[in-house]
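All remarks here apply to the structure that follows.
Values quoted throughout were computed directly from the atomic coordinates according to the rules given, and no laboratory measurement underlies them. Being a predicted model, the structure only gives us computed values, none of them experimental. Note that each Cβ is placed from the backbone with ideal geometry, even for glycine, and that neighbours are counted across all protein chains shown.
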Amino acid sequence: MCELKLVSPGERQIKPIVEAALSNELRLIEAGIHRTETNLKIFEKKYDMNTNEFVSKYENDKIEETMEYIEWIGESKMLERLIEKSNTLKSIRFEN
């Protein structure tokens, strides 16, 4: 468990500001997840293969490396990172 203590020298409450910033970041990440999933679906349709199958073949050198395949791998890794960030933000709770 990670813990973070924020201190502000001003009189203004910082909790609503931090909550809004986290909410906005989550909204941006979820938009990124949607775009990345759309990009993955385009690759899957084009190559008639789901991403998990493609990644397995790619990692086991069963297919030749091309620029499009590198992009596909990149989109797959990006989705993993975005989901991880989203889950982390969703798990944050505030204690008073």
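Here are the numbers for this structure:
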| read-out | value |
| --- | --- |
| Over the chain, equivalent-ellipsoid semi-axes from the Cα gyration tensor in Å | 39, 13, 10 |
| Region 62-96: chymotrypsin sites (Phe, Trp or Tyr not before Pro) falling in loop per DSSP and having at most 13 other Cβ within 10 Å | PHE94 |
| Under the Debye formula (equal points on every Cα, no solvent term), log10 I(q)/I(0) of region 37-92 at q = 0.24, 0.26, 0.30 Å⁻¹ | -0.92, -1.03, -1.24 |
| Mean residue ellipticity (222 nm) of the chain, computed from DSSP H runs ≥ 4 via -39,500 (n - 2.57), nearest 500 | -24500 deg cm²/dmol |
| Reach of LYS5 by Cα under 23 Å, taken over lysines that are not fewer than 8 positions away in the same chain | LYS15, LYS85, LYS90 |
| Qualifying trypsin sites (Lys or Arg not before Pro) in region 3-96, DSSP loop, other Cβ atoms within 10 Å at most 11 | LYS5, ARG12, LYS62, ARG93 |
| The chain: relative contact order in percent, alpha carbon pairs under 8 Å with at least 6 residues between | 39 percent |
| Under 22 Å from the Cα of LYS45 - lysines, other chains or at least 8 residues apart | LYS57, LYS62, LYS77 |
| Residues SER76, SER56, sorted so that the one with the fewest Cβ neighbours within 10 Å comes first | SER56, SER76 |
